[in-house]
Ligand code: GLU
């Protein structure tokens, strides 16, 4: 289906924002750290970056939120750019069918996490990004990557979120040490964990996230380009593993690759057509943004965008 005109798309986004804001059921904010537990649940934003450089938005598109696991897709892009296919010796590419912070499969599969988006796999990916560097340089590299992709220098790490992640991240600590016991961490568990907690604490607005996501949508005029193969592969992983245990349902309902985070953000890619960021902090039972997932469903239906279109 053709992309709707920017005017039609903007009116649709305005209506969508009004519809979403009228809702009574917003889901439940993540409550494992106070910085997320204290975010007011009734908030919504959507931004759509188009190939011509325009970004159409509605709702609270200038409010920064904690991108959390959405960061994993950008870390993966950085690592693949740096070491390429070597990463796959250490991490798989299959949906896990277990919760994002599960440890059970790690034992059965000898310390090779199922995919780069579950926490164990994200820790290995961050560990690979760290190799040969100090954490501050690694985090600067990741931030510079995001700023360049979004063409916006105003993207930062929320230090209090990082600190709280560290204080409460017992499962991540366990996962990191378990990976280390199988020889699948090259740096000390503490270094990898510290870097991971900071990457999860990056704050962005939907405008910034939609612009950064253009690298996966492969717009010819995007300020940075991934190789076609890398973009295809990362999109395939987002489609199969990007929504925790709700990945199949998201693919079924929306038909586009996406990566969600417990801060309520979702990055959704319509290859060649749009990079979409939605945010609403209340989560559904799968840990994905409740209103954000519904909004994505509406966008897919209105635009006809789907990787499965004929
Ligand atoms: N910082 C969170 C954790 O590792 C990220 C969770 C998420 O967004 O999936 O537990």
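Is it true that some residue in segment 89-103 is at pLDDT 95 or above, outside any loop (DSSP other than H, G, I, E, B) and either touching a helix residue (DSSP H, G or I) at 6+ places or on another chain (Cβ under 7 Å) or over 21 Å from residue 156 (Cβ atoms) (or both)?
Yes.
Taking into account only those residues within segment 264-300 that are part of a loop (DSSP other than H, G, I, E, B) and under 12 Å from the mean Cα position of the chain (by Cα), which is modelled with the lowest pLDDT?
The residue in question is 288.
Please determine whether any residue of segment 163-172 is in contact with a strand residue (DSSP E or B) (Cβ under 8 Å, 6 or more places away or on another chain), at pLDDT 95 or above and within 30 Å of residue 55 (Cβ to Cβ).
Within segment 163-172 (the criterion being in contact with a strand residue (DSSP E or B) (Cβ under 8 Å, 6 or more places away or on another chain), at pLDDT 95 or above and within 30 Å of residue 55 (Cβ to Cβ)), the answer is no, since none of the residues qualifies.
Does residue 124 meet the test of being touching a residue at least 24 places away in the same chain (Cβ under 8 Å) and closer than 30 Å to residue 11 by Cβ?
Judged against the criteria, residue 124 is not a match.
Return yes when residue 119 is in contact with a helix residue (DSSP H, G or I) (Cβ under 8 Å, 6 or more places away or on another chain), away from the ligand (no atom under 16 Å from the Cβ) and under 30 Å from residue 154 (Cβ atoms) and no when it is not.
no
Looking at segment 66-73, is at least one residue part of a loop (DSSP other than H, G, I, E, B) and either touching a residue at least 24 places away in the same chain (Cβ under 8 Å) or closer than 20 Å to residue 159 by Cβ (or both)?
There is at least one residue in segment 66-73 that is part of a loop (DSSP other than H, G, I, E, B) and either touching a residue at least 24 places away in the same chain (Cβ under 8 Å) or closer than 20 Å to residue 159 by Cβ (or both).
Which of (1) part of a helix (DSSP H, G or I); (2) under 19 Å from residue 116 (Cβ atoms) is the odd one out, the single condition residue 186 does not satisfy?
So the condition that residue 186 fails would be (1).
From the set of residues in segment 271-290 that are surrounded by fewer than 24 Cβ atoms within 10 Å (Cβ to Cβ) and in contact (Cβ under 8 Å) with a residue 40 or more places away in the chain, which is nearest to residue 43 (Cα to Cα)?
Out of the qualifying residues, it is 282.
Please tell me if residue 247 is in a helix (DSSP H, G or I), within 14 Å of the ligand (Cβ to nearest atom) and modelled with pLDDT under 95.
The answer is yes for residue 247.
Return the pairs, sorted by first residue and then second, in which the second residue is within 16 Å of the ligand (Cβ to nearest atom), the first residue lies in segment 248-260 and is farther than 19 Å from residue 280 by Cβ, the beta carbons are less than 7 Å apart, and the residues are 6+ apart or on different chains.
Cβ pairs passing all conditions: 257/238; 257/242.
Please tell me if residue 206 is within 24 Å of residue 280 (Cβ to Cβ) and either surrounded by 24 or more Cβ atoms within 10 Å (Cβ to Cβ) or away from the ligand (no atom under 14 Å from the Cβ) (or both).
For residue 206, the condition - within 24 Å of residue 280 (Cβ to Cβ) and either surrounded by 24 or more Cβ atoms within 10 Å (Cβ to Cβ) or away from the ligand (no atom under 14 Å from the Cβ) (or both) - is met.
If only one of 56, 16, 9, 105 is closer than 20 Å to residue 294 by Cβ, surrounded by 17 or more Cβ atoms within 10 Å (Cβ to Cβ) and free of Cβ contacts under 8 Å to residues at least 60 places away in the same chain, which one is it?
Result of the check over 56, 16, 9, 105: 56.
Can you name the condition, by its number, that residue 37 falls short on among (1) touching a helix residue (DSSP H, G or I) at 6+ places or on another chain (Cβ under 6 Å); (2) more than 13 Å from the ligand (Cβ to nearest atom)?
All conditions are met except number (1).
For segment 226-244, which positions are more than 16 Å from the ligand (Cβ to nearest atom) and in a loop (DSSP other than H, G, I, E, B)?
Within segment 226-244, 226, 227 qualify.
Could we say that residue 190 is within 16 Å of the ligand (Cβ to nearest atom) and surrounded by fewer than 14 Cβ atoms within 10 Å (Cβ to Cβ) here?
Considered against the rule, which asks whether it is within 16 Å of the ligand (Cβ to nearest atom) and surrounded by fewer than 14 Cβ atoms within 10 Å (Cβ to Cβ), residue 190 comes out as yes.
Select from segment 5-34 the residues that are in contact with a helix residue (DSSP H, G or I) (Cβ under 7 Å, 6 or more places away or on another chain), in a helix (DSSP H, G or I) and over 16 Å from residue 65 (Cα atoms) and list them in ascending order.
Matches in segment 5-34: 12, 16, 20.
Looking for whichever is within 16 Å of residue 206 (Cα to Cα), within 16 Å of the ligand (Cβ to nearest atom) and touching a helix residue (DSSP H, G or I) at 6+ places or on another chain (Cβ under 8 Å) here; the options are 44, 74. Which one fits?
74
Across segment 123-170, what is the number of residues that are surrounded by fewer than 16 Cβ atoms within 10 Å (Cβ to Cβ) and within 16 Å of the ligand (Cβ to nearest atom)?
6
The values are calculated or read from the model by the stated rules, or taken from the named source; none is laboratory data. None of the values given here were measured: they were computed from a predicted structure. Glycine gets a Cβ as well: all are built from the backbone with ideal geometry, and neighbour counts include every protein chain shown.
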